[in-house]
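Participant: If you scroll down you'll find the structure; I have some questions about it.
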Amino acid sequence: MITEKTITDFIYREADLLDTMQWQAWLDLFHPEGRYWMPLEWQQQDPVLQPSLMYEDLLLMKVRIERLAGERTFSQKPKSRCHHLLQAPQILACDPAAGIFRAKTSYIYTETRGDALERFSGWASHDLVRVGDDLKIRLKRIDLVNFDAPFGNIQLFM
Amino acid sequence: MARYGKDARAIGGLVRDAEVHRDVYVDPEIFELEMEHLFPNSWIYVGHASQLLKPGDFITATVGRQPVVASRHTDGSIHLFYNRCPHKGVKIASEPCGNTGKFFRCPYHAWSFKTDGSLLAIPLKKGYEGTGFTDTQANDGLSRIRNVVVYRDFIFARLSENGIGFEDYFGESLSTIDNMVDRSPEGKLAVMAAPIRYMHTCNWKMLVENQTDTCHPMVAHESSAGTAIKVWQREQGDSKETPMAVQLYGPFMSPYEFYEQSGIRIWPNGHGHTGVANSIHSNYSDVEGYLDQMIATYGEKRAHEILGEVRHNTVYFPNIMVKGAVQILRNFIPIAVDRTLVESWVYRLVGAPDKLYERALMYNRFINAPTSIVGHDDLEMYERAQEGLKTNGNQWVNLRRLYESDEEPDVTAVINGTSERQMRNQFHAWAKFMTMDMDQPGEAAE
Ligand code: FES
Ligand SMILES: [Fe+2]
């Protein structure tokens, strides 16, 4: 039985997998049709015909993750690390009968590499679906509070 | 410590025939001189007329480091002014774009200006009577930039009152903009959204040079494009069609021979482009219905001519790059000697299928975003160069690839696509536009 706590635990675990750089285990949380989306507009509706920072399917996320470990990935020498500080997720939908599970989580994200450290704030929205006994990510949407500002490199996942 | 001042010879001496001194990238004084001389003497991209559709529409931009406002006047003309109130200097417009109505009104003391910049009204105007106000520059309203040319909706400006004319400056290089606009079945482009913005901790010229650096993709982008190809080959299973994403990443891994034969064309005044015979953009899948639209507008022959011209990167000296085939313009905005803001715009081909806009947006976020793995590869190189150039062992950057001792400056030529000649071309123009308004006209040192 999927409860609100199942969703919350899922979101905490997801962030922990990113912080501990267990990339493959993180990727396994996605549904085969899952997407990772970082919009570039306030309350953006369309990921395809409006510009986004990222709108990636599993293939593209696999490329990113393999790249992070690549022998000739010079922007990862030294490697980046990240830290997620999450507020308690706000459950927007938890309807096992309809198969709808949605949550929104306020976060502060830190990405660091060498001596540099960058901090970002925003909201992560999860659209989850049940596959067997597990939840899988159908869509993870990252809305930065300052999506319109110019950033330096963001190499990991928020 | 001022070492270069207004000394045209010292500045010219930084550019040898096939080497440049590292100070052009790392010396803050050179950067200040670029802002004072190079940018005002050159024609700089401001924005696109589709951002100024209605009277009262305005955009803000920077030309070099100068904040400016472009506005659409009631009579339909486009005007450009410095973004400061003639009273006490307050910026007149504070947003990237908007509509100001019939006039600009300064938020500090409510001086107002027509959308052509002229002074409209001042509260308590009689307080200025007999004060000599009419003899001051403030009486003319917002300080105007008079040298503005709108070429096929692309707005360019030259800040210097006197200097080279627009047509002479760009010459045949405008053919890339022509091709990009012609790719719309209605002969029109439109800006639909804000650009992707990406802060770079390096000198602006490193970005410009990289646009025609064809010997780096297969090396620096092996990590991104190479991995994309590898993952796709492993995961593709039975799928016949290469996804758009892989079509966009894949060609970055093209071998040296590909770039060698595809060629580079150089033009006078530092402009030039890669991808003469063909380019990394040549083999994208056709988009259904598009060719028919193009033929309906232009006829069979002309439509094929337009679509057969698939240039790679066109550098418009000093600081923009245009990709006609994917409708992208990158603006390399200098902030400081080691800081550059890159704004990458996508234009929609008016009347063309959505799929083309989708592809252009995808390309832009794959290559030009702070979240782009190709961008990460490139920025890493620029940052390392910005650091490395501070070392004193060798003070020169080597641009000698395929150098020939009889190279003429300011010519049009098509050359081997792995040549560094376009970089030499840019630095010749750099020395010219840096020093043209100094006492001794500078020539690149022999
Ligand atoms: S500063 Fe603009 S009205 Fe005074
Ligand atoms: Fe590159």
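Participant: Under 8 Å between Cβ atoms, which residue pairs at least 6 apart in sequence (or on different chains) link something in the stretch B:390-414 that is among the polar types (S, T, N, Q) with a partner that is surrounded by fewer than 13 Cβ atoms within 10 Å (Cβ to Cβ) and not in a loop (DSSP other than H, G, I, E, B)?
Facilitator: B:Thr412/B:Glu172
Participant: Related question: Examine the stretch B:111-131 for a residue that is within 14 Å of another protein chain (Cβ to nearest Cβ) and out of contact with any Phe, Trp or Tyr (no Cβ under 6 Å at 6 or more places or on another chain), and state whether such a residue exists.
Facilitator: no
Participant: Considering only the stretch B:278-307, state which residues are aliphatic (A, V, I, L, M) and either in contact (Cβ under 8 Å) with a residue 60 or more places away in the chain or under 16 Å from B:Tyr363 (Cβ atoms) (or both).
Facilitator: B:Ile280, B:Val287, B:Met294, B:Ala296, B:Ile306, B:Leu307
Participant: Kindly provide the set of residues from the stretch B:344-361 that are buried (at least 20 other Cβ atoms within 10 Å of the Cβ) and within 8 Å of another protein chain (Cβ to nearest Cβ), ordered by number.
Facilitator: B:Val346, B:Tyr357, B:Leu361
Participant: Turning to a different aspect of this structure: Filter the stretch B:172-213 down to residues that are within 30 Å of B:Met434 (Cα to Cα) and in a loop (DSSP other than H, G, I, E, B) and give me whichever is farthest from the other protein chains (Cβ to nearest Cβ).
Facilitator: If we take residues in the stretch B:172-213 being within 30 Å of B:Met434 (Cα to Cα) and in a loop (DSSP other than H, G, I, E, B), then B:Thr212 is farthest from the other protein chains (Cβ to nearest Cβ).
Participant: For the stretch B:367-377, what are the residues that are in a helix (DSSP H, G or I) and within 9 Å of another protein chain (Cβ to nearest Cβ)?
Facilitator: Those that are in a helix (DSSP H, G or I) and within 9 Å of another protein chain (Cβ to nearest Cβ): B:Ile373, B:Gly375, B:His376, B:Asp377.
Participant: Does B:Tyr256 satisfy being open to solvent by 60 Å² or more (accessible area, probe 1.4 Å) and either within 16 Å of ligand 2 (Cβ to nearest atom) or touching an Asp or Glu at 6+ places or on another chain (Cβ under 7 Å) (or both)?
Facilitator: Judged against the criteria, B:Tyr256 is a match.
Participant: Could you say whether any residue in the stretch A:33-54 is in contact with a helix residue (DSSP H, G or I) (Cβ under 6 Å, 6 or more places away or on another chain), surrounded by 18 or more Cβ atoms within 10 Å (Cβ to Cβ) and among the basic types (Lys, Arg)?
Facilitator: no
Participant: Separate question: From the residues in the stretch A:1-46 that are closer than 27 Å to A:Asp95 by Cα and among the β-branched types (Val, Ile, Thr), which one is nearest to the other protein chains (Cβ to nearest Cβ)?
Facilitator: Here the residue is A:Ile11.
Participant: Starting from residues that are surrounded by fewer than 13 Cβ atoms within 10 Å (Cβ to Cβ) and at pLDDT 95 or above, keep the ones in the stretch A:98-120 and report whichever is nearest to B:Arg365 (Cα to Cα).
Facilitator: Restricting to residues being surrounded by fewer than 13 Cβ atoms within 10 Å (Cβ to Cβ) and at pLDDT 95 or above, the top hit is A:Arg119.
Participant: Now for a separate question. Taking the stretch B:29-43, which residues are within 19 Å of the chain's Cα centre (by Cα), open to solvent by less than 10 Å² (accessible area, probe 1.4 Å) and of a type in the set (A, V, I, L, M)?
Facilitator: The one that is within 19 Å of the chain's Cα centre (by Cα), open to solvent by less than 10 Å² (accessible area, probe 1.4 Å) and of a type in the set (A, V, I, L, M): B:Leu38.
Participant: Run down B:Ile11, B:Ile59, B:Ile30 and say which single residue is touching a helix residue (DSSP H, G or I) at 6+ places or on another chain (Cβ under 7 Å) and part of a strand (DSSP E or B).
Facilitator: Just a single option satisfies the conditions, and that option is B:Ile59.
Participant: Can you pull out the residues in the stretch B:214-253 that are surrounded by 21 or more Cβ atoms within 10 Å (Cβ to Cβ), part of a loop (DSSP other than H, G, I, E, B) and of a type outside the set (Ser, Thr, Tyr)?
Facilitator: The one that is surrounded by 21 or more Cβ atoms within 10 Å (Cβ to Cβ), part of a loop (DSSP other than H, G, I, E, B) and of a type outside the set (Ser, Thr, Tyr): B:His221.
Participant: Give the stretch B:58-81 a look and list any residue that's buried (at least 19 other Cβ atoms within 10 Å of the Cβ) and either more than 16 Å from B:Ile145 (Cβ to Cβ) or of a type outside the set (A, V, I, L, M, F, W, C) (or both), or say none.
Facilitator: Matches in the stretch B:58-81: B:Thr60, B:Gly64, B:Ser71, B:Arg72, B:His79.
Participant: Sticking with this structure for a sec: Name the strands (runs of 3 or more DSSP E) wholly inside the stretch A:47-158 in which the number of residues that are within 14 Å of chain B (Cβ to nearest Cβ) is 1 or more.
Facilitator: Those strands (runs of 3 or more DSSP E) span A:52-56, A:80-86, A:100-113, A:116-131, A:134-144.
Participant: Consider the stretch B:92-110. How many of its residues are surrounded by 13 or more Cβ atoms within 10 Å (Cβ to Cβ), more than 9 Å from ligand 1 (Cβ to nearest atom) and away from chain A (no Cβ under 14 Å)?
Facilitator: 6
Participant: If you don't mind, there's one more thing I want to ask. Taking the stretch B:214-243 only, how many residues are more than 14 Å from every other protein chain (Cβ to nearest Cβ) and either among the aromatic types (Phe, Trp, Tyr) or without any contact (Cβ under 8 Å) to a residue 60 or more places away in the chain (or both)?
Facilitator: Residues meeting the conditions: 2.
Participant: Identify, from the list B:Val69, B:Val46, B:Val26, the residue that is more than 16 Å from ligand 2 (Cβ to nearest atom) and within 16 Å of the chain's Cα centre (by Cα).
Facilitator: B:Val46
The values are calculated or read from the model by the stated rules, or taken from the named source; none is laboratory data. Keep in mind the model is a prediction, meaning the values are calculated, not measured. We place every Cβ from the backbone using ideal geometry, glycine too, and count neighbours over all the protein chains shown. Remember, those area values only see protein heavy atoms, side chains included, never the ligands or the DNA or RNA. Shrake-Rupley method; radii C 1.70, N 1.55, O 1.52, S 1.80 Å.
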